[in-house]
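Engineer: Below: one structure in structure tokens.
The values are calculated or read from the model by the stated rules, or taken from the named source; none is laboratory data. Only a predicted model underlies this, so the values are computations on that prediction, with no experimental measurement involved. All Cβ positions, glycine included, derive from the backbone under ideal geometry; neighbour counts span all protein chains shown. Ligands, DNA and RNA are excluded from the accessible area calculation, which covers all protein heavy atoms including side chains. Shrake-Rupley method; radii C 1.70, N 1.55, O 1.52, S 1.80 Å.
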Amino acid sequence: PMLPGWKLEDILPTLASKAASWIVESSKGDQPFFLYLPLTSPHTPIAPSTGFKGKSEISDYADFVLETDWVVGEVMAALQKAGVADDTLLIFTTDNGTSGKANFKELESHGVDLRYHFKGHKAQIHEGGHRVPFIVRWPGKVSPGTRCSQLICLTDFFRTAVEVLGAEVPEGSCEDSVS
């Protein structure tokens, strides 16, 4: 069910705007804040907004990826505007490999290789269906351009966040999470 007048293409610009406003407002207080921002992109249905439609000159999917990058840029700009960018841990990741609807052959014909050298895509057992980006920006803690080959799982985010906060994991919880 959707609200009257709702358009999928409007979601990313709206999320970017609301997240940026929330960051600026939340940073005015003395307390740290946490923002979890799950995006509709680059999931299917592939729906870049009007401002990004055709921008990549490759495909709607490539346009959608460009728009995803723009949303992250808007979040980073809001952190800068609020004066908290240097004190903020920012993590970008996705929840699964790329959907086959991205049309890998079309993307690869334009030099875009979303799977690197891994076989498969979302909903398949191959590594290309599970390997995802995990990008961290944490000034003073993680040097820019640093690469880590350590295998991680998104379940590890829980214990890592607990460690960053200096808290303790409740006994008997998160047995599959490693900081």
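Engineer: Is the chain rounded, prolate or oblate when judged by the Cα gyration tensor, a ≥ b ≥ c being the square roots of its eigenvalues, rounded requiring a/c under 1.5 and prolate requiring a/b larger than b/c?
Structural biologist: Verdict is oblate for the chain.
Engineer: Within the chain, what is the longest stretch that has no trypsin sites (Lys or Arg not before Pro) placed in a DSSP loop and near at most 15 other beta-carbon atoms within 10 Å?
Structural biologist: The segment 56-118 is the longest one with no such site.
Engineer: For T98, what residues show an amide H to amide H distance below 5 Å, using hydrogens built from the backbone and excluding near sequence neighbours?
Structural biologist: Residues meeting the amide H criterion: K122.
Engineer: State the extension gain, in nm to one decimal, for the chain segment bounded by F118 and S149, taking 0.36 nm per residue of separation less the distance between their alpha-carbons.
Structural biologist: This chain segment gains 9.6 nm when fully extended.
Engineer: Once you mark the GluC sites (Glu not before Pro) that are in a DSSP loop and have at most 13 other Cβ atoms within 10 Å, what is the longest gap between them in the chain?
Structural biologist: Segment 58-167 is the longest.
Engineer: Related question: If the elastic network links every pair of Cα atoms under 10 Å, which of V65, V132, V162 fluctuates the most in the Gaussian network model of the chain?
Structural biologist: Ranking V65, V132, V162 by mean-square fluctuation puts V162 first.
Engineer: Now a separate question. Comparing L89, L66, L154, which has the greatest mean-square fluctuation in the GNM of the chain with Cα pairs linked when under 10 Å apart?
Structural biologist: L154
Engineer: Hey, another quick one. Hey, got the dipole for the chain? About the Cα centre, +1 on K and R Cβ, -1 on D and E Cβ, debye to the nearest 20?
Structural biologist: Roughly 380 debye for the chain.
Engineer: Continuing with this model, one more query. Which net charge results for the neighbourhood of T88, defined as the other residues with beta-carbon distances under 13 angstrom from its beta-carbon, given Lys and Arg at +1 and Asp and Glu at -1?
Structural biologist: Surrounding charge for T88 is +1.
Engineer: Taking segment 29-93, which chymotrypsin sites (Phe, Trp or Tyr not before Pro) meet the DSSP loop condition and have no more than 15 other C-beta atoms within 10 Å?
Structural biologist: F33, F34, Y36
Engineer: In addition: Over the chain, average the accessible area per residue using a 1.4 Å probe and give it in Å², no decimals.
Structural biologist: Result: 69 Å² per residue.
Engineer: Within the chain, which whole H helices from DSSP have a Cα span along their axis of at least 18 Å and a mean Kyte-Doolittle hydropathy of -0.5 or more, if any?
Structural biologist: 11-26, 60-81
Engineer: How about segment 100-152: which chymotrypsin sites (Phe, Trp or Tyr not before Pro) there are in a DSSP loop, with at most 13 other Cβ atoms within 10 Å of their Cβ?
Structural biologist: Those that pass, being in a loop and sparsely packed, are Y116.
Engineer: How charged is the neighbourhood of L15? Take every other residue with its Cβ under 11 Å from the Cβ of L15, and add Lys/Arg as +1 and Asp/Glu as -1.
Structural biologist: -2
Engineer: OK, next. Carbon and sulfur: what percent of segment 80-179's accessible surface (1.4 Å probe)?
Structural biologist: 53
Engineer: For Cα pairs less than 8 Å apart in space and 6+ apart in sequence, what is the mean separation divided by the residue count of segment 1-152, i.e. the relative contact order in percent?
Structural biologist: The value is 20 percent.
Engineer: What is the sum of charges, Lys and Arg at +1 and Asp and Glu at -1, for the other residues whose Cβ falls under 14 Å from the Cβ of H110?
Structural biologist: Summing Lys/Arg as +1 and Asp/Glu as -1 gives -4.
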